[in-house]
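One structure is given here, and the rest of the page talks about it.
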Amino acid sequence: MFNSRSIALLLLAGAQLLTGHDAIAQKSRGKSKASKPVTGKASLAAYEKYIDDHNDEHLKEFMELVAIPTISSIESHKPDAARAADWIVKKMQSIGLSTAQLIPTPGNPVVFGSWDKAPGKPTVLIYAHYDVQPVKESEWSHPPFSPVIENGRILGRGASDDKSGVMMTLLATEAMLRTDGQLPVNVKFMFEGNEEVGSPYFKKFLEDNKELLKADFALNADDGQLDENNPSITVSLRGAVQLEFNVKTADMDGHSGEFGGKTPNSAVILSQIISSFYDEKGNVAVKGFYDKVVPVTPQQKEMIRKIPYDPATDMKILGTTAEAGDTSFLPLERVWYRPTLEIIGMQSGYTAAEGHSNIIPGHAMGRITCRLVNNQNGKEIVDLIIKHIDAHTPPGATITYKRSNGFASPMTFPVDTKEYRYLSEVLTEIFGKEPYQYASGGSVGAMLSVKEILGIYAYPLGFELSDENWHAANEFFRVSSLRKGQLLYCYYFKHLAEEEAKLNKH
Ligand SMILES: [Zn+2]
């Protein structure tokens, strides 16, 4: 009946039957498997493929933008800012945005773009800036505006702060539009060109374009993560205000031999005024400076306790050998929740690299930035400092002041909102771990205006990392961050649409 071969054949048939069956079962499972939508990071596979396939092309584009010296604090670079703004408009048009236009301001134009072909879906407004800080060329290992890629780093001024924000958000949009032919949400972009000079025209831009900028959600791409592997959401920013003061003791520099011993020296007076700003603990000794400062809260202390912070790491970045400030506060408390008065520049006498001149300087200049917290108001703080300087000016010296154009107020983002939850869920999915609640000692004045005028919080979603030398020499941006940042934004658009759809169902 059954010899070994026939048994073998039977087994075979049975197996095939099984597989046939499995196939059927599989198929039905598959069908149910097939109909089960792919979610989470896996759902980004198609975009990931597009991003990787176009990586070289996109890096080339990134470097084209970084090569344009859009230094907003130097008037002669205005044509460069215009060139970069045009470049961004062309990029927006090439990826298929519905609109792409320049909106003039008294400074550099804002570049506005939008894709609005998802009726009934939420609208996301994205902020970034294409202007950059000035450079001290001699301190760079490579020319700051001839970007190169070395060891997975794009080297160049503004590569991180904040041309990464411009490129990452546009390229994410490109990946989705090129892959799906549409976006899951409507998107609007507003890229300003005066952030590095305190965004003096941004508030008016928002007021004049309220209707155009209408949105349900907003994101600020001019921000970062804790590091490459640890996500974070910045939930508060300090404010900032600047002041320049000029000490005059004579109409000209005097011969230090002829006049030394009886002639006031403006450099000495400048130094005396500056040292009068601080007490022995390093706190600011200007009367009334801390009047509107609120004690660090238990929640803030708890937040800091959770963050893997090592002062030595920060010191390594700058190459400092000690920390300063009132040690009755933790370092992060001092950077995030305490105000500062910083001397950001001073000048007097003969300071050329070569030679020296035996003079008594007739003029000296000092520049100040104050980082503000809680309810501190920039104008009031400058008034207090001017009062202090006037009170500390000896006979024989006159002081003139140059106030900055407005100031950035401190800002806090609520963490009990759906906006915050969506962001946290997106970061958790892409990084595989929950984001740290973080804060920043820096300021993005424009973000408060977005809340005040458009009524929405622009939550931070950027990829600038703290060791990328922002504002300093040898700034760089990680190529790996460009990829991850694109995926973050793709997933944010997708996740937002899904969550809002769920909400609308109810
Ligand atoms: Zn920036």
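Quick one: helix 378-391 against the long Cα principal axis of the chain, what's the angle to the nearest 10°, folded into 0 to 90?
20
With r defined as the distance between the Cβ atoms of ALA324 and GLU244 and R0 fixed at 25 Å, what FRET efficiency is calculated, to the nearest 0.05?
After rounding to 0.05, the efficiency reads 0.65.
In a solvent-free Debye calculation with one equal scatterer on each Cα, what is log10 I(q)/I(0) for region 369-448 at q = 0.15, 0.18, 0.21 Å⁻¹, listed in the order of the q values?
-0.72, -0.87, -1.03
Report the label-to-label distance for HIS142 and ALA45 in nanometres (one decimal), using points 7 Å from each Cα along the Cα→Cβ vector.
With each label placed 7 Å out from Cα toward Cβ, I get 3.5 nm.
On full extension of the chain, what length is gained from TYR290 through THR398, given 0.36 nm per residue of separation minus the C-alpha to C-alpha distance?
Answer, rounded to one decimal: 36.2 nm.
Karplus couplings for region 132-141 from phi (6.51 cos²θ - 1.76 cosθ + 1.60, θ = phi - 60°), rounded to Hz, Gly and Pro as x?
Working through the residues one at a time gives 9, 6, x, 10, 9, 3, 5, 8, 8, 6 Hz.
Which FRET efficiency, nearest 0.05, do LYS210 and ASN377 yield, Cβ-Cβ r, R0 25 Å?
Working: r = 25 Å, r/R0 = 0.99.
The pair LYS210/ASN377 has a calculated efficiency of 0.50.
Alpha carbon centre of region 450-485 versus region 193-249: separation in Å?
What the calculation gives is 11 Å, centre to centre.
Could you tell me the accessible area of ASP227 in Å² (1.4 Å probe, neighbours in place), rounded to the nearest ten?
Ignoring ligands and nucleic acids, ASP227 comes out at about 60 Å².
Hey, what's the chain come to in accessible area per residue, 1.4 Å probe, Å²?
Dividing the accessible area of the chain by its residue count gives 48 Å².
Each residue of region 336-348 in turn: what ³J(HN,Hα) in whole Hz from Karplus with 6.51, -1.76, 1.60 and θ = phi - 60°, glycine and Pro shown as x?
Karplus values, whole Hz, x for Gly and Pro: 9, 10, 10, x, 9, 10, 10, 7, 9, x, 8, 8, 5.
Among the trypsin sites (Lys or Arg not before Pro) in region 158-261, which ones are in a DSSP loop with at most 16 other Cβ atoms within 10 Å of the Cβ? Mind listing them? Intermediate values should be presented prior to the final figure.
Values: sites: LYS163, ARG178, LYS188, LYS203, LYS204, LYS210, LYS214, ARG238, LYS248; in loops: LYS210, LYS214, ARG238.
Sparse-neighbourhood loop trypsin sites (Lys or Arg not before Pro): LYS210, LYS214.
Using DSSP to define loop residues, name the trypsin sites (Lys or Arg not before Pro) in region 287-337 whose beta-carbon has at most 12 other beta-carbon atoms within 10 Å.
Counting only loop positions with at most 12 other Cβ atoms within 10 Å, the trypsin sites (Lys or Arg not before Pro) in region 287-337 are LYS287.
With every atom except the alpha carbons ignored, what do you get for Rg and Dmax of the chain, in angstroms?
My reading of the Cα-based Rg and Dmax gives 28.3, 129 Å.
Starting at 0 and stepping by 5 Å, how many percent of the alpha carbon pairs of region 373-503 end up in each bin?
2, 7, 13, 15, 16, 14, 11, 8, 6, 4, 3, 2, 1, 0, 0
What are the semi-axes of the equivalent ellipsoid of region 317-415, taken as the square roots of 5 times the eigenvalues of the Cα gyration tensor, listed largest first and rounded to whole Å?
Numbers: eigenvalues 194, 86, 34 Å².
Semi-axis lengths for region 317-415 are 31, 21, 13 Å.
Of the heavy-atom accessible surface of the chain (probe 1.4 angstrom), what whole percent is carbon and sulfur?
Carbon-and-sulfur percentage of accessible area, whole number: 54.
Place +1 on the Cβ of every Lys and Arg and -1 on the Cβ of every Asp and Glu in the chain, take the dipole about the Cα centre, and give the residue among PHE407, MET63, THR428 whose Cα lies farthest towards its positive end.
It is THR428.
Taking one equal scatterer on every alpha-carbon of region 455-497, how large is log10 of I(q)/I(0) by Debye at q = 0.21, 0.35 1/Å?
-0.79, -1.17
Which of the trypsin sites (Lys or Arg not before Pro) found in region 49-147 are loop residues per DSSP with 15 or fewer other Cβ atoms within 10 Å of their Cβ?
LYS117, LYS136
Before rounding to the nearest 500, sum -39500 (n - 2.57) across all DSSP H runs of length at least 4 in the chain and divide by the residue total; then give [θ] at 222 nm in deg cm²/dmol.
The helix-only estimate for the chain comes to -12000 deg cm²/dmol at 222 nm.
Once you charge only the Cβ atoms, +1 for Lys and Arg and -1 for Asp and Glu, what is the size of the charge dipole of region 201-360 about its Cα centre, to the nearest 20 debye?
500
Between ASP86 and ALA312, what length comes free when the chain is fully extended (0.36 nm per residue of separation minus the Cα-Cα distance, one decimal in nm)?
Length gained, ASP86 through ALA312: 77.1 nm.
About the Cα centre of the chain, what is the dipole size in debye to 20, counting +1 per Lys and Arg Cβ and -1 per Asp and Glu Cβ, all else neutral?
Computed about the Cα centre, the dipole is about 1780 debye.
With unit charges on the beta carbons (Lys and Arg positive, Asp and Glu negative) and the dipole taken about the Cα centre of region 279-354, which residue among LEU318, PRO331, ILE344 sits farthest to the positive side?
Going by the charge dipole, the pick is PRO331.
Return the distance in nm (one decimal) between the two label points of a simple spin-label model at LYS433 and GLU75, each offset 7 Å from Cα along Cα→Cβ.
Label-label distance for LYS433 and GLU75, simple model: 5.1 nm.
Report the longest stretch of the chain that contains none of the GluC sites (Glu not before Pro) sitting in a DSSP loop with at most 16 other Cβ atoms within 10 Å. If you can, show how the numbers build up before the last one.
Working: sites that count: GLU211, GLU228, GLU280, GLU323, GLU354.
My reading of the result: 1-210 is the longest stretch.
Tell me, in nm to one decimal, what length is gained between ASP180 and SER276 on full extension, where the rule is 0.36 nm per residue of separation less the Cα-Cα distance?
Details: separation 96, 0.36 × 96 = 34.56 nm, distance 6.23 nm.
Going from the current span to full extension adds 28.3 nm.
Just to confirm the number: angle between the C-alpha axis of helix 266-275 and the first principal axis of the chain, 0 to 90 degrees, nearest 10?
Long axis of 266-275 versus the principal axis of the chain: about 50 degrees.
From the square roots a ≥ b ≥ c of the eigenvalues of the alpha-carbon gyration tensor of region 47-99, which class results: rounded (a/c under 1.5), prolate (a/b over b/c), or oblate?
oblate
If I take R0 = 35 Å and measure r between the Cβ atoms of ALA353 and ASP227 in this structure, what FRET efficiency does the formula 1/(1 + (r/R0)^6) give, to the nearest 0.05?
Efficiency at R0 = 35 Å is approximately 0.40.
The values are calculated or read from the model by the stated rules, or taken from the named source; none is laboratory data. In this text, all values refer to a predicted model and were calculated from it rather than measured experimentally. FYI the Cβ positions are ideal-geometry reconstructions off the backbone, even for glycines, and counts take in every protein chain you see. Surface areas here come from the heavy atoms of the whole protein model, side chains and all, with no ligands, DNA or RNA. Shrake-Rupley method; radii C 1.70, N 1.55, O 1.52, S 1.80 Å.
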